[in-house]
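Heads up, the thing below is written out as structure tokens.
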Amino acid sequence: MPVDSDKPRSRIVQLPLEVVTKIAAGEVIERPASVVKELLENSVDAGARRIDIDVEQGGAELIRVVDDGGGIAAADLPLAFANHATSKLQSADDLFRVRTLGFRGEALASIGGIAQVTLQSRQPGDLAGAEVSCKGGQLAPVRDWNGTPGTRIEVRHLFYNTPVRRKFLKSPGTEIGHICEIVTRLALAQPGLHLVLTHNGKSVYEVAHGTSLADRIGLFFGPEIKEKLYALDVQQGPARLFGFVADPACERGNAKLQYLFLNGRWIRDRSLGHALQEAYRGLLMTGRYAVAFLFIELPPDQVDVNVHPTKAEVRFRDGGAVYSMVLGAIRQRLNAANLTARLRPPAPLGAVPVSALNAMPWLAPQRAEETPSLFSKPGLPSYTKNPLPPPDPEATRREPGGAWSAESEARSAEVGTRSAEREQARDATTNGHADALKAIQMHNAYLVLETPEGMLVIDQHALHERILFEQLKERLRAGTLEKQKLLIPEPVELTAEQAAKTLEHRAELSELGLEVDDFGGGTLLLTAYPALLSRTPPGEILKAVVDHLSSKERLPTREQLLSDLLSLMACHAAVRSGDTLTPEEIAELVSQRHLAHDAHHCPHGRPTALLFTRHDLDRQFRRI
Ligand code: ADP
Ligand code: MG
């Protein structure tokens, strides 16, 4: 038989240990944050009460972790870097009795294979300690070391011997962002721990020993979330679920603020994520995510943690029971928080009594004189920082319709349009006013107007969103998207990871009119925003944009990103369903209908208007 010379004639060889180590390391150590995670877990397993983490250049140059835990005996030091060497397991049965965070005995071996590591340790009772170094898997002889009890480990030049992986490291800002996320998870999971993180010599986080879970949440995610938490704690058979769920008002554009811990370990679990969302059903719009910090405690034999090398996924022995516990407990807690009014669908139209019709809002004269233009003129500052207290969230929740109107009125008053601006706005819309004035608002959500063809019902949010989107797009294309400089830059607090991600997209954001500066410690300073969106607090727009950016795993193309962000900004800045509009605003909205190239759909694909033709109406009433 002729040999096909095109085909590679491969042979099987046993890989050298060095290569095996590098392959295995790839599973555990993906980036500097993975090193931090493994080292922190070791410190926790060693009973540390305080851990200091110093990072340089996003961890690519240095990661140093110092703990005050139980240390390693001098004689065991070289073994620490050996593969599958651990003090945490003895037999296979132990795999189902895991009470420590680590147990696979491969982290130090992996890290030692791809970096230059020095490990120094001293056990509390010992007079002296010892140190050992490991560079690219090569161990140096053990030496004496005279440090305080505990363990000190330095990881330098990560991936120095795997140039391809080193090249794939992201900017220090992005890498420290991932590290911050790891530290955050640990700080939440281990409330007894004192944690200090510095980056390039600057303090990033310091969480003191006695800081409660709620205070930790406040520290990492800001007071807005901390103040809207509902605590829960339930026991079901051998299982306990405790922690906090946040008020639906804290909703996010992604699931990043859904923290789930099992026996002190941060985990990812699709099914439980689903249970959480399910518990909020009816309280959140589709595509919006709840914020929650949930802790599950289960006997170790009820769960298999050995599913994945990074131990972030687990298998429950009775997944169904855990699912119902999470769903049931959260739903009950939300009900107890008196959020039920929002769970009930609005009464069907036919059920509205005649007496109620007399009280319909459009019949009451509105304070048109004080109302700003929905489409404020670019360049004219119409947004000023809210001097009024925020609307009472409880009140907004219970009265559908009344809810947002309270806010929009507060906003109208706060904006205080100057008469010149109003004049201009009026001029711009006079043309459309003839038919527009006939429009009335219904249910604070729809505008109904008579047209030559029949009757048009407009979704106020969808139309406004569409108009803003088209205006923004047009100006972006023409390069005339005016920016409004903020007199006093507005600080926006984010997680360090979000801040880093946002700064990466600074150029695109600037094109869109959003100018941000790094203030450090996860805080960004918003210095300018698109003048067209002056109706919405600029910080709110930036937050929505950040949410969107951090929900993206991979980078979208520039065009895609701009278009995504435009529609997001339009959606946020548009009047909402539930906003009471003044006759002036209604007129403006309806008259600018022509600005929407395709007025039938908002950028999300929902229709903006429905037409009931005269013919349809006549037929329905059997006139023809
Ligand atoms: P694992 O944590 O899965 O056991 P590692 O490779 O992470 O495996 O660590 C190997 C061993 O080194 C641990 O089992 C532990 O005995 C010891 N060790 C590592 N870090 C520390 C530390 N900070 N304090 C005390 N012992 C440690
Ligand atoms: Mg470990």
Could you give the nm distance between label points at ILE624 and LYS438, where each point is 7 Å from its Cα heading toward the beta carbon?
1.8
Ordered by packing density, taken as the mean number of other Cβ atoms within 10 Å over each peptide's residues, highest first, how do 254-266, 111-123, 196-208, 567-579 rank?
111-123, 567-579, 254-266, 196-208
Near LYS88, which lysines are there with a Cα under 23 Å away, not counting those fewer than 8 places off in the same chain?
LYS37, LYS311
Could you give each residue of the range 163-176 its phi-based ³J(HN,Hα) in whole Hz, using Karplus coefficients 6.51, -1.76, 1.60 with θ = phi - 60°, and x for Gly or Pro?
x, 5, 5, 5, 5, 7, 5, 7, 4, x, x, 5, 5, 5
Using the Cα centre as the reference, give the magnitude of the dipole from point charges on the C-beta atoms of the range 214-335 (Lys, Arg: +1; Asp, Glu: -1; all else neutral), rounded to the nearest 20 debye.
220
Give me the net charge of ALA255's neighbourhood, meaning all other residues with Cβ under 12 Å from the Cβ of ALA255; Lys, Arg count +1, Asp, Glu -1.
+2
Could you pull out the GluC sites (Glu not before Pro) across the range 465-558 that fall in loop regions by DSSP (anything but H, G, I, E, B) with no more than 15 other Cβ atoms inside 10 Å?
GLU482, GLU553
Determine, for each peptide in 306-313, 45-52, the mean count of other beta carbons within 10 angstrom over its residues, then list the peptides with the highest first.
45-52, 306-313
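All of the numbers you see were taken from the coordinates with simple rules; none came from a lab. As the structure is a prediction and not an experimental result, all values here were calculated from the model. Note that we place each Cβ from the backbone using ideal geometry, even for glycine, and neighbour counts take in every protein chain shown.
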